[in-house]
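Only the coordinates and a few stated rules stand behind these numbers; no lab work does. Small disclaimer: the values here were computed from a predicted structure and weren't measured. Cβ: placed from backbone, ideal geometry, glycine included. Neighbour counts: every protein chain shown.
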Amino acid sequence: MLSTPLRFASLPLPPPPPPPPMRRFHQKPPSYGPKSALFFPVVFLPPRSCPGQGSRRGRGGPARALDAAQSFDYESRALEDLENRSRLKIAIVGFGNFGQFLARTFATQGHALLAHSRSDHSAAARSVGADFYRDPHDLCEQHPDVVVLCTSILSSEAVLRSLPFQRLRRSTLFVDVLSVKEFPKNLFLNILPPDFDILCTHPMFGPESGKDGWAGLPFVYDKVRVSDTEERVDRCRRFLNIFAREGCRMVEMSCAEHDENSAESQFLTHTVGRILSKLELKSTPINTKGYETLLQLVENTCSDSFDLYNGLFMYNYNSTELLERLDIAFDSVKKELFGRLHDILRKQLFESPGNSNNIKPVDKDS
Ligand code: NAP
């Protein structure tokens, strides 16, 4: 009877699996579990080997089987290396509504998270696996790769000035996610040490509009100051990749251009939502689609803080002009309606033959 090794040696090896498809940039990787959620814009790596499989085959085809086992080990190590290199240590400063919303996705993608805020959000931080620091000195001493400023627009200058920059690495990347862009750009350029990198961003969605995922939602960014060393360019790219791999529509745009566009799109949307909320609209049994849209608009805009809305007004030059145009537009619509009503009333008063109250219009010249 043949010994086991020889029996395996006589079995033909199955053909190797077809090569995995090449992955295009910004395409999601397959999931290898929570640790592997980081994004690599290269090629799919093969799955990890099943325990024992390599050694069993090894008896049959020594060179090939041995190679396969080594290759799988090597590849799983390579995968881990890639994961570690892609993982960022991100500090979120301002851990309120939006900070926590971002943190959930950052955590799912496997990044190490630190948080700091005026109020105690330690429980919320714990729930996403982030370390919460009451004291900004303690936070900065952790040497995050990236600091994301996520406070209200109105408080951002005071908060930024309260950070002990000297405790951070000299190459730290500062990112903001404020809903206006020229203001934080100037703030960063004026306050941050010149060695720090600056990336201004605006994820144009929030906990309400992005609750079912970020696919297709716009993400605006401006690389205001990113040193051209390979490491720093790569760090910036890895941060942007967080949004790209969620499927965001990545829009590179100057901060000034963003503010011009967002006065029209964002400030107008929030203003109309807030005006409608004053009407205390109620759902009816015969809602039209248009009316449903209005109800949805109120919900989307009024769930954000008034500070946020106020910030959109105060820190975007274009907002004042937009409010004035809105006023003029509303007046012009009212004039059109009342003008037509006036014409009809005049006709009834002065021209209807059967009207006993028929009054002859006074001839101005007589
Ligand atoms: P927000 O009202 O604009 O900001 C709340 C955050 O600011 C909290 O972290 C709060 O800290 C902090 N804060 C407020 N006043 C402060 C003060 N005087 N000193 C120190 N910290 C103060 O609401 P948000 O929705 O969380 O927005 C945060 C940022 O993200 C804003 O800049 C906003 O423009 C931007 N953003 C928001 C959305 C959105 O849909 N919500 C979308 C894109 C961008 P505590 O909670 O610790 O008190």
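Under 18 Å Cα to Cα from Lys211, which aspartates and glutamates show up? Leave out anything in the same chain fewer than 8 places away.
Filter leaves Glu246, Glu299, Asp304.
Over segment 77-177, what is the relative contact order in percent, taking alpha-carbon pairs closer than 8 angstrom and at least six residues apart?
Taking the mean separation of contacting Cα pairs over the length of segment 77-177, I get 29 percent.
I need the calculated FRET efficiency for the pair Ser171 and Cys302, taking r as the beta carbon distance and R₀ as 30 Å, to the nearest 0.05.
The calculated FRET efficiency here is 0.15.
Expected output is a single nm value to one decimal: the length gained when fully extending between Lys89 and Glu141, i.e. 0.36 nm times separation in residues minus the C-alpha distance. What is it?
17.5 nm
What nm distance separates the two modelled labels at Leu276 and Glu264, each placed 7 Å from Cα along Cα→Cβ?
2.1 nm
Hey, got the Cα dimensions of segment 130-287 along the principal axes, in Å, largest first?
The principal-axis extents, from largest down, are 60, 31, 31 Å.
Report, please, the projected area of segment 225-268 averaged over directions, based on the convex hull of its C-alpha atoms, in nm².
With every direction weighted equally, the projected area is 3.9 nm².
For segment 285-333, rounded, prolate or oblate, judged on the Cα gyration tensor with a ≥ b ≥ c (square roots of eigenvalues), a/c < 1.5 rounded, else prolate if a/b > b/c?
It comes out oblate by the Cα gyration axes.
Expected output is a single nm value to one decimal: the length gained when fully extending between Ser76 and Glu292, i.e. 0.36 nm times separation in residues minus the C-alpha distance. What is it?
Here the segment from Ser76 to Glu292 would lengthen by 72.7 nm.
Express the Stokes-Einstein translational diffusion coefficient of segment 248-339 in µm² s⁻¹, to the nearest whole number, given a Kirkwood radius over alpha-carbon pairs, 10 °C and a viscosity of 1.306 mPa s.
Estimated via Stokes-Einstein, D reaches 106 µm²/s.
What is the extension gain from Arg118 to Asn97, computed as 0.36 nm multiplied by their sequence separation minus the C-alpha to C-alpha distance, in nm to one decimal?
6.3 nm
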